Amino acid sequence: MSTIGYQEDLVDPLNAFDLAKGQKRYHNGRHLRKGDALRLQKLSDRAVVYKALHDPADTLSKREKKRLQKAGSTGSLDLDVQYSLNKQQRWKTVNTDSMLNSQCESEPEVIVVDRVITPSHLSANQALNVMNVFVKEGDAISKLSTKGKGHKLRHFEVALRERREIDKDEVQPARILYNVVQPHPVPGVLLGKTQRKNTKGTWTTKSRQTNYLSDGAESESDPGVEDDSIATSAPSSSFTLADFVVGATANTKSNRSPRRSVAGVQDEELKKKLPTVISQIKSPAHSIPSSTCNKSLFEVIDVNAKLLCGMKFHEAIAFLEQERLSLRWVDENKVMIDASYLVKNAPEEPVHQPILVLFFELHENGKVLRVRINTNIQYKTPMDSEALISMVKRQKDFLSLFNSILDFIRSLRVRNLDIPAKETRFNKTPANFSASVNGHRLAVEMERMQRCDDYEMQRWLRAMYDAENSVSLDMPKTSFRHLQSDEMVFSKCPPCALNVMFRNDGNNYEEKSLICPECTTHWCRLCSSEPHWPMKCEEYRQWSEKWEQQYYFDKFCMQPDEELLRITCQCGRIYILPSGSAHNTICQRCKCRYDKTGMMCYDYACWPYYPRLRKERDAEGKPKDGYKVDVEIIPRVKLIAKDFATACTEVRNQRFDKKKRLKFEELALAAEKVELVDLRKTALILVENCTAWVYMHRSETHLRECKSSVSHLFQQFEKVELELERQSPTLAKEIDELESAVENVIRTFCEHARSRSEEE
């Protein structure tokens, strides 16, 4: 945009406007075709001038607005009345100088807006683009102009603020606009034509698809669509094809072409260039047919940069530098991360093309972090997009932001499969594998765990034998499973499929769980389920089949007439809730509310679901909008004795209650007893699993010692929890007793397990 001073010899846009219908028009030295000339004549008939009150911030009172309307009716032009420039030859008498000088001292500032007619907007004058804006500054008249097809009025308002050095936070003042609507001065732009070179090197003219309306027709386009798109997505000028070009090297210089003043022309040129370079682009679709038929997931989300938690941008990205991430710095404020290997459906799935590419970029002097998500998959349901945006904006730190995106894309890829995903313990109960509910004392130390790939695993196994006496063959790792010895143990993380190994060193780690060094997940290396010591894998399978059917009935303390519902949301999240309190439950992933009619409906900030309009719709008898979800009634069963079920339910509720856990951790840190955090996890999981073990072996004799040790452990834990809340001086003594109680339980059940193995 350029700002220039008004001069005496400057041609006024109204005086230069040619409205002679019989005059021949020329284009590139030749007469226009008859159809084009007819269109230009129709457009010239729609040239008008009208006066409008522009008050976007609503600073004027109703009385002041009425006064301005009354004052306008006594002048030459009334407010909001369109006057044809052809009739009475107004284009000769109405000019910029006279309109700017019509301002009174008590009235708002007057500006003249030169709008141009485009093929897509012929009747909605408020939505027309602006070519020039004339303002009066003292005795001189200044002109703000642009090239191309023009800009929206707010573009000039921002430039006027910068020119007058007005703060961005200051309220936009009210103004009186004299809108002069004319056809575009360039016939090629007005007629919707472009010129390009063909394969022979000659210039050819190609007409764009236009919809010229008659004089009385109304435009069907919504003037608010463009404003909404700008508010919800990033500007197109911030996207470059270099973000997806294969083999692009890191460069601090931008490959972007010089910035043009018209955003619409940039979008048009981007669309023209796309088919010619589609074979070189790592776009989510990866092929021309799929890019024209399907819409792959591509989101641009702006979040507050405070989630970096005071760290510098490079320091935050350093936490993500892992072996299976391809990281490339575009410049000092922009980084590209290829996380395709972290969202595979299976470890053996080949990656021939990028699956997930993320861009993190700082904007507005480091106040805004822009996240660009590029994948080759599609949304499963319409609500998935809002669920992703809501999930990203809820994150509090950078690491959780990155992991939440991986979890969402991984689950979305599983849902997009034609075949159902393999039912595993982790898919069924992912919360049981979390580090927040499992202690480190019952697992192998994380320092002993090492990452390993297939090649490293095979190399280590082959090194066990003499290379001269053995034949080196390319064999899959499954062929070496029978060669696993007590020295080196291999396993695979259930959620992230990371291959891990650790050296046994002669110690018995067979019954201990493992901890993933990447995602901190706890699992049993023998059956890939959640930690379940002292129960064996088969015993835990039998226990979980009964326990999971009965736990929810005991958890919710359900009434005899209530039913237990399994609700499967459209986003894939499953909720198990009692029928009496299931309604008004909000899905944590897609933020939809479950109602009594068995539908999931949007809950907040989405018309027509806020109360006032909801009542109006109900009064009009309109049906409720939403998605019908699958609801399954779980039969009520009692498979476990009451004493065992009650004890396990009470302990599990404490393990998975987030509020109690966070409160306990806060009190432990305040008392400088950090070791209590892991001790609490260990004590609770021991009480739950040992109680289940006693139930599975209830027919055996000599279990009194086991029962008493487990009961004493839970009582001691409750005592420590109470003393911690009171900040009692005897807290250290109670913690020592809890430590000894934990050791006693572990020793007792280890002895029983050893004696049983000897008998077998």
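The values are calculated or read from the model by the stated rules, or taken from the named source; none is laboratory data. Bear in mind the structure is a predicted one, so any value in this text is a computation, not a measurement. Here the Cβ is made from the backbone with ideal geometry for all residues, glycine too, and neighbour counts use every protein chain on show.
Brief remarks follow.
One line per residue, one yes/no per condition, for (1) surrounded by 12 or more Cβ atoms within 10 Å (Cβ to Cβ); (2) part of a loop (DSSP other than H, G, I, E, B); (3) assigned by TED's automatic domain parsing to the domain that holds Ala692; (4) modelled with pLDDT of 85 or more:
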| residue | (1), (2), (3), (4) |
| --- | --- |
| Leu461 | yes, no, no, no |
| Ser491 | yes, no, no, yes |
| Cys496 | yes, yes, no, no |
| Glu539 | yes, no, no, yes |
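- Any chance Glu109 is closer than 20 Å to Val180 by Cα, surrounded by fewer than 18 Cβ atoms within 10 Å (Cβ to Cβ), modelled with pLDDT of 65 or more and of a type in the set (Asp, Glu): yes
- Filtering the stretch 531-576 to residues that are under 29 Å from Thr381 (Cα atoms) and free of Cβ contacts under 8 Å to residues at least 12 places away in the same chain leaves only Ile574.
- Whichever residue in the stretch 677-703 is farther than 19 Å from Glu723 by Cα and among the acidic types (Asp, Glu) and, among such residues, is farthest from the chain's Cα centre (by Cα): Glu700
- Leu417 over 30 Å from Cys537 (Cβ atoms), touching a residue at least 24 places away in the same chain (Cβ under 8 Å) and in the same structural domain as Leu320 (by TED's automatic domain parsing): no
- Of all residues in the stretch 561-601 being hydroxyl-bearing (Ser, Thr, Tyr) and in a loop (DSSP other than H, G, I, E, B), the one that is farthest from Ile634 (Cα to Cα): Thr597
- Candidates Leu639, Leu669 - the one that is free of Cβ contacts under 8 Å to residues at least 40 places away in the same chain, of a type in the set (A, V, I, L, M) and either exposed (fewer than 14 other Cβ atoms within 10 Å of the Cβ) or touching a Pro at 6+ places or on another chain (Cβ under 7 Å) (or both): Leu669
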